[in-house]
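The values are calculated or read from the model by the stated rules, or taken from the named source; none is laboratory data. Here the structure is a predicted model, which is why all the values come from computation and not from measurement. Backbone-built Cβ (ideal geometry, glycine too); neighbour counts: all protein chains shown.
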């Protein structure tokens, strides 16, 4: 697949680099093609292409959003997604590692509001980038779980296939409003690791009897 990435920082690059190695064609969607973030990503992986955001969207099969949440409205509103899948990898984080929208609505629902003609799926958010770089836990006979949410079944199925390439088992938790709870899981992980000193190399698993 051709996958476009709006945002190529820690999370975006971890996903893009991993998926490029799995055989996907990766396009960095950035209007400033010589920006520091683009050049750093291409230095690490020369197979990553770069083109202006709208052009990258037009040429891709699926688009990933991996930007700081506060930039999302400005970035998304002018864009035409043409009913393509938009994977929301962002989280609204407020002071003290709180929910940036006061838990009144999920960030993913705001992303859907701003990207009106995209089909938004929440994914790749409940861990830090370390586990997107490397999802293997060889001491256990289970895959880590990646929870997703979205309003349409077909986009979620396509995102699930990508998650399989990343080494995750996918658990569909329901419609896009469920993203609020996934964002709280992210805050739990972030507070444990970034604030309280827990090591980052852990994930959740889905065990079913």
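Can you name every residue in region 3-14 that is farther than 19 Å from residue 115 by Cβ and either modelled with pLDDT under 95 or part of a helix (DSSP H, G or I) (or both)? So that I can check it myself, show each step before the final result.
Within region 3-14, the subset farther than 19 Å from residue 115 by Cβ is 9-10, 13-14.
Within region 3-14, 10, 13, 14 qualify.
What are the residue pairs meeting all of these: first residue in region 109-120, first residue at positive phi and outside any helix (DSSP H, G or I), second residue modelled with pLDDT of 95 or more and crowded, with 22+ Cβ neighbours inside 10 Å, Cβ atoms under 7 Å, and 6 or more apart or on different chains?
none
How many residues are closer than 24 Å to residue 10 by Cα and either surrounded by fewer than 18 Cβ atoms within 10 Å (Cβ to Cβ) or over 13 Å from the mean Cα position of the chain (by Cα) (or both) if we restrict to region 104-117? Steps first, please.
First, the residues of region 104-117 that are closer than 24 Å to residue 10 by Cα: 106-112, 114-115.
From what is left, the residues that are either surrounded by fewer than 18 Cβ atoms within 10 Å (Cβ to Cβ) or over 13 Å from the mean Cα position of the chain (by Cα) (or both) are 106, 109-110, 112, 114-115.
Within region 104-117, residues that are closer than 24 Å to residue 10 by Cα and either surrounded by fewer than 18 Cβ atoms within 10 Å (Cβ to Cβ) or over 13 Å from the mean Cα position of the chain (by Cα) (or both) number 6.
Being in a loop (DSSP other than H, G, I, E, B), touching a residue at least 12 places away in the same chain (Cβ under 8 Å), out of contact with any helix residue (DSSP H, G or I) (no Cβ under 9 Å at 6 or more places or on another chain) and farther than 20 Å from residue 177 by Cβ is the requirement here; does residue 139 meet it? First the steps, then the outcome.
On the way: in a loop (DSSP other than H, G, I, E, B): yes; touching a residue at least 12 places away in the same chain (Cβ under 8 Å): no; out of contact with any helix residue (DSSP H, G or I) (no Cβ under 9 Å at 6 or more places or on another chain): yes; farther than 20 Å from residue 177 by Cβ: yes.
No; evaluated as a whole, the condition is false for this residue.
Please work out if residue 171 is closer than 17 Å to residue 107 by Cβ and at pLDDT 95 or above.
Numbers: closer than 17 Å to residue 107 by Cβ: no; at pLDDT 95 or above: yes.
Criteria not met by residue 171.
Could you identify the single residue in 20, 54, 42, 59 that is closer than 17 Å to residue 3 by Cβ, surrounded by fewer than 21 Cβ atoms within 10 Å (Cβ to Cβ) and within 16 Å of the chain's Cα centre (by Cα)?
Values: 54 fails: within 16 Å of the chain's Cα centre (by Cα); 42 fails: within 16 Å of the chain's Cα centre (by Cα); 59 fails: within 16 Å of the chain's Cα centre (by Cα).
Step by step, each of 20, 54, 42, 59 is checked, and only 20 is closer than 17 Å to residue 3 by Cβ, surrounded by fewer than 21 Cβ atoms within 10 Å (Cβ to Cβ) and within 16 Å of the chain's Cα centre (by Cα).
Determine, yes or no, whether residue 178 is within 23 Å of residue 5 (Cβ to Cβ) and either assigned to a loop (DSSP other than H, G, I, E, B) or under 18 Å from the mean Cα position of the chain (by Cα) (or both). Spell out the reasoning first.
Numbers: within 23 Å of residue 5 (Cβ to Cβ): no; either assigned to a loop (DSSP other than H, G, I, E, B) or under 18 Å from the mean Cα position of the chain (by Cα) (or both): yes.
Spelling it out, it is not the case that residue 178 is within 23 Å of residue 5 (Cβ to Cβ) and either assigned to a loop (DSSP other than H, G, I, E, B) or under 18 Å from the mean Cα position of the chain (by Cα) (or both).
Can residue 124 be described as surrounded by 14 or more Cβ atoms within 10 Å (Cβ to Cβ), assigned to a loop (DSSP other than H, G, I, E, B) and in contact with a helix residue (DSSP H, G or I) (Cβ under 7 Å, 6 or more places away or on another chain)? Give the derivation first.
Values: surrounded by 14 or more Cβ atoms within 10 Å (Cβ to Cβ): yes; assigned to a loop (DSSP other than H, G, I, E, B): yes; in contact with a helix residue (DSSP H, G or I) (Cβ under 7 Å, 6 or more places away or on another chain): yes.
Yes, satisfied.
So which residues in region 145-159 are in a loop (DSSP other than H, G, I, E, B) and in contact with a strand residue (DSSP E or B) (Cβ under 7 Å, 6 or more places away or on another chain)?
152
Looking at (1) within 23 Å of residue 2 (Cα to Cα); (2) surrounded by 17 or more Cβ atoms within 10 Å (Cβ to Cβ); (3) in contact with a helix residue (DSSP H, G or I) (Cβ under 9 Å, 6 or more places away or on another chain), can you tell me which one residue 93 breaks?
For residue 93, the failing item is (1).
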